[in-house]
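The block underneath contains the structure these notes are about, expressed in C-alpha cells.
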Amino acid sequence: MEPGPVILVTTQHRGIPNVMTNGFNMMVRHAPPLIGCTIGPWDHSYTALRETGECVISIPGSELAGAVVDIGNCSGQDVDKFHEFGLTPLAAQEVQAPLIAECFANIECRVADTALVGRYDLFILEAVRAWTDPSQPHPRMLHHRGDGTFTLDGETIDLKDRMTKWQYLL
Ligand SMILES: Cc1cc2nc3c(=O)[nH]c(=O)nc-3n(C[C@H](O)[C@H](O)[C@H](O)COP(=O)(O)O)c2cc1C
C-alpha cells in the first residue's frame, strides 16, 4: 500500500521558515477539509508544528523529485533548505508558514486535532486556504513506494457519469 502523494510541509518557527518531505498523509474529511499527516518527533518540523499550530502543504510536481528526496534527508536545524534547494518562499494569507512558488499547489493549514500525535505522530490539519499555479496545468504527483523508489501520476480517466450517489462532489 502507498499513502497519499509525496508532499512538502513548510513551517515557520521563531521567524525561520523550514520545509520537510512527507509521504505518510491522507485525506480525512471533505467538510471541513481535514488532512492527516504523520510527522515524527525526530523532525524539526514536529517542534515547529506543535509550537505554532500552522503549516503549509506544498505539492511538488515530478520535476522536483530529486530536491524532494534531498529535503527529506537533511534537517532545518542544520540547513536553510529554502536557500539550499533554490525554493522561493511566498507569503501565505492565513498562516505564517510560507508557500513554495515552485509547487503546483499550496494548502494553508492549521492543526485541528492533536489527539493522535502522542500515539502515532498523526496531526489532523484543517485546510484553510488553497492555491494552485495556473502555469502548471498538468502536474504529475510523486508517490513513495516506501524504499526510495517512486511512482509518478499517469493517465487520468473520467468516470463522473458513474458517480450517481456523489453528485455534489463533481
Ligand atoms: C520520500 C520521503 C518521505 C518522508 N516521509 C516522512 C513522513 O511521512 N513523516 C516524517 O516524519 N518524515 C518523513 N520523511 C523524513 C523527513 O522528511 C526528514 O526526517 C527531514 O529531515 C525532516 O526535516 P526537518 O528536521 O527539517 O523537519 C520522509 C523523507 C523522505 C525522503
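The values are calculated or read from the model by the stated rules, or taken from the named source; none is laboratory data. Model, not experiment: these values are computed from the prediction. Glycine gets a Cβ as well: all are built from the backbone with ideal geometry, and neighbour counts include every protein chain shown. Accessible surface is based on the protein model in full, side chains and every heavy atom, while ligands, DNA and RNA are left aside. Shrake-Rupley method; radii C 1.70, N 1.55, O 1.52, S 1.80 Å.
Averaging Cα coordinates gives a centre for segment 52-78 and one for segment 121-170; these two points are 18 Å apart.
What FRET efficiency comes out for ILE16 versus THR151 if R0 is 41 angstrom and r is the Cβ-Cβ distance? Round to the nearest 0.05. Please report the intermediate quantities before stating the final value.
On the way: r = 33 Å, r/R0 = 0.81.
E(calc), rounded to 0.05, equals 0.75.
Across the accessible surface of segment 7-169, with the other protein chains kept in place and a 1.4 Å probe, carbon and sulfur atoms take up 53 percent. The residue among THR10, HIS83, GLY61 whose Cα reaches farthest toward the positive pole of the charge dipole of segment 1-91, with charges on the beta-carbon of Lys, Arg, Asp and Glu, is THR10.
Each label was represented as a point 7 Å from its Cα along the Cα-to-Cβ direction; for LYS160 and ARG110 these points are 3.3 nm apart.
What range in the chain is the longest one free of GluC sites (Glu not before Pro) that are in a loop by DSSP and have at most 16 other Cβ atoms within 10 angstrom? Maximal segment without exposed cleavage sites: 1-93.
How much accessible area per residue does the chain have, in Å², with a 1.4 Å probe? The partial results should precede the final answer.
On the way: 10050 Å² over 170 residues.
In whole numbers, the chain has 59 Å² accessible per residue.
The Cβ shell under 14 Å around GLN136 holds other residues with a net charge of -3, Lys and Arg each +1, Asp and Glu each -1.
Take the convex hull of the alpha carbons in segment 7-169; its mean projected area over all directions comes to 10.6 nm². Hey, got the dipole for the chain? About the Cα centre, +1 on K and R Cβ, -1 on D and E Cβ, debye to the nearest 20? The dipole magnitude comes to about 520 debye. Translational diffusion of segment 28-100 was estimated from the Stokes-Einstein equation, with Rh taken as the Kirkwood radius over Cα pairs; at 4 °C and 1.567 mPa s the coefficient is 93 µm²/s.
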